[in-house]
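Notes to accompany the following structure.
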Amino acid sequence: MLRISRLTDYGTMILVHLASRGGRVCSASDVAAGTHVALPTVQKILKLLARSGLIVSARGADGGYALSRPPESISAVDVLDVLEGPVAITECSLADSHCELESLCQVGGAWQKINRSIRMALGDITLADLSRPARELPVASLTHGIGRALIRSDRS
């Protein structure tokens, strides 16, 4: 089963919360109150996100956290890569694969094609999209992205 961790789910909620603040700096306490995620968890995630460059932090009495760039330029794949590691549904889908059967495997290419399609679909969804109700998500662009990835893979 493909499933993101609870930490990534919370991280996405935190990023959406920061996106809704229009670039204003928010303290960790404000983020915890706004997302209903426990403060120690929020602090842990904010540190990870700041280290990755998805958010910036400011110290001092008026300090806190804000997105490092507009929500339209942060994709779901950016978030997943930071909080989960690179999206890879099989060992051979990773750039630095260590599968001993890779040279003999007949299905690895198909899994790699599927993985590229998933990454492309995730790349088509931005933090701005995630901030909207689900019924407003651009599903058409998602399926178009998957189609583009599959067509591009077939030509490779």
Just the accessible area per residue of segment 13-102, please: how many Å² with a 1.4 Å probe? 55 Å²
Work out, step by step, the length gained on full extension between residue 59 and residue 5: first 0.36 nm times the residue separation, then minus their alpha carbon distance; give nm to one decimal. 16.5 nm
Once residue 66 and residue 132 are pulled to full extension, the length gained, defined as 0.36 nm per residue separation minus their Cα-Cα distance, is 21.9 nm
Taking a 1.4 Å probe, which of 118, 4, 45 shows the most accessible area, and what order do the others take after it? 4, 118, 45
Could you go through segment 42-50 in sequence order and give the Karplus-derived ³J(HN,Hα) for each residue, using 6.51 cos²θ - 1.76 cosθ + 1.60 with θ = phi - 60°, rounded to whole Hz, and x for Gly and Pro? 4, 4, 4, 5, 4, 5, 4, 5, 5
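The values are calculated or read from the model by the stated rules, or taken from the named source; none is laboratory data. Keep in mind that what you see is a predicted model, and the values were worked out from it rather than measured. Remember, those area values only see protein heavy atoms, side chains included, never the ligands or the DNA or RNA. Shrake-Rupley method; radii C 1.70, N 1.55, O 1.52, S 1.80 Å.
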